[in-house]
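Structure, as structure tokens:
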Amino acid sequence: MNSHLKIFNPQQNCSKNFQTTYNKETILFEMHPSDEKAQMNYAEFVQTTFAYAHKSFSLDPFQSIDGDHTTAVTQYRELGGAYQTQLDELCLRADKLHVGLAIAGEILELTNEIDQWFGHGEQQKCPYLQASQKEIGDLCYYIQMLFNLYGFDVNIPDILPVEEAAPNRLAVTKYGETLVDYIKRVEVYGQVYDSIALHEHILNFLEALMSLCPMLSTTQQDIVGQNILKLQTRYASGSFSTQESQAKADSKSE
């Protein structure tokens, strides 16, 4: 399925600011979480805006307590240190399952938006077209997170189709289900992990997803660019925060 994918060599000197625009050839951008500008690619951007399990789960319930509890805190931290590896593995597995569940949910949302798009006349299609584009962007986000979590050195904008595949909504659900099921079997049922198999599942799903772009009057570069703009609006601080996630400033700005 992924025989049409190739590696695109991005220029490394792009200085476009994604707050207002993006370079369609490179999908490199600048974020401003502080006074210093930091250039990132999409893989790094996704890394900063993902809600990692370890950010909200701590072994140390006494971390804000001092004074008479010093001894208890020390003993607890020593005990926690002995289990740190297990905790890290637990959090990593939680993050992988988080992404699997997210992909399943996003596929359902995308399918619904496309069905709505097909079911309306030309004058009423625009909202569903835009919603479908955003759902594909959300799926690209979680696909990139899978690459990150499983240690694949892949930046989605560097992978471009050599030729356009025919739009295939059934392929999206088929390969998406296969991918999510594989994650479940490895992370929950203990099936032996095969990096080559997972890589194949991800690329098959990504190519099926990208086949929808021409039908939806968009491109892969535009999809990723819009996703970055959306999340930069949501996470104005430059990285994930629970408060900004709940506020969803990007929805209010539409």
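The values are calculated or read from the model by the stated rules, or taken from the named source; none is laboratory data. Being a predicted model, the structure only gives us computed values, none of them experimental. Ideal geometry is used to build each Cβ from the backbone, glycine not excepted, and the neighbour counts take in all protein chains shown.
Can you run down the residue pairs with Cβ atoms below 6 Å, 6 or more apart or on separate chains, where the first is in segment 146-159 and more than 17 Å from residue 180 (Cβ to Cβ) and the partner is assigned to a loop (DSSP other than H, G, I, E, B)?
155/41; 157/27; 158/8
Can you tell me which residues in segment 177-215 are in a loop (DSSP other than H, G, I, E, B) and either crowded, with 19+ Cβ neighbours inside 10 Å or of a type in the set (Ser, Thr, Tyr) (or both)?
Of everything in segment 177-215, those that are in a loop (DSSP other than H, G, I, E, B) and either crowded, with 19+ Cβ neighbours inside 10 Å or of a type in the set (Ser, Thr, Tyr) (or both) turn out to be 189, 193, 211, 212, 213.
Do the conditions hold for residue 136, that is, is it under 15 Å from the mean Cα position of the chain (by Cα), modelled with pLDDT under 95 and over 18 Å from residue 187 (Cβ atoms)?
yes
Looking for something in contact with a Cys (Cβ under 6 Å, 6 or more places away or on another chain) and among the polar types (S, T, N, Q) - is there at least one such residue anywhere in segment 160-172?
no
What number of residues within segment 216-254 satisfy the criterion of being touching a residue at least 60 places away in the same chain (Cβ under 8 Å) and in a loop (DSSP other than H, G, I, E, B)?
9
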